[in-house]
Amino acid sequence: MSKIGAYHKSPSEEALNRFVGHIGEINKRLAEVQQYTENHMGYASEKINWGHVRTAAYVLKELTKLTNMAYGRSEYSKSEDNH
């Protein structure tokens, strides 16, 4: 049975709702990463070794990829050839 006058979301409304949901999840993850780094990634400063340095470098590399994508930098930049 169908409901007469039932409201159905348009594809664009569904996309917007999903997009907003993803933005909320992204903001949660960003807050977690900030807390993680403010806590020195959970490492005691007197026990830092080169393995910890590699881990921090990896996190930085991945975050740099994300910010480059977000702002169209580096390999994500628009060149005149792409037009």
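Label sites at H22 and Y43, each approximated as a point 7 angstrom past Cα along Cα to Cβ, lie 3.3 nm apart.
Considering only H52, S12, H40, and ranking their Cα positions along the charge dipole of the chain that arises from unit charges at the beta-carbon of Lys, Arg, Asp and Glu, the one farthest toward the positive end is S12.
If you run the Gaussian network model on the chain, springs between alpha carbon atoms under 10 Å, then out of A31, A56, A15 the most flexible one is A15.
What angle, in degrees between 0 and 90 and rounded to the nearest 10, separates the Cα long axis of helix 50-71 from the longest principal axis of the Cα atoms of the chain? Once rounded, one gets 40 degrees.
Name the most mobile residue of L16, L60, L30, meaning the one with the largest mean-square fluctuation, in a Gaussian network model of the chain with Cα contacts below 10 Å. So, out of L16, L60, L30, the one fluctuating most is L16. Give me the distance in nm between label points sitting 7 Å out from Cα along the Cα-to-Cβ direction at K78 and L60, one decimal. Those two pseudo-labels are separated by 3.1 nm. Set against the labelled values [x] 1.44; [y] 1.23; [z] 1.42, Rg/Rh (Cα atoms, Kirkwood Rh) computed from this structure falls on [y].
A short reminder: the numbers here are calculations on the coordinates, not readings from a lab. These figures come from a predicted structure and were not determined experimentally. No Cβ is skipped: glycine too gets one built from the backbone with ideal geometry, and neighbour counts run over all protein chains shown.
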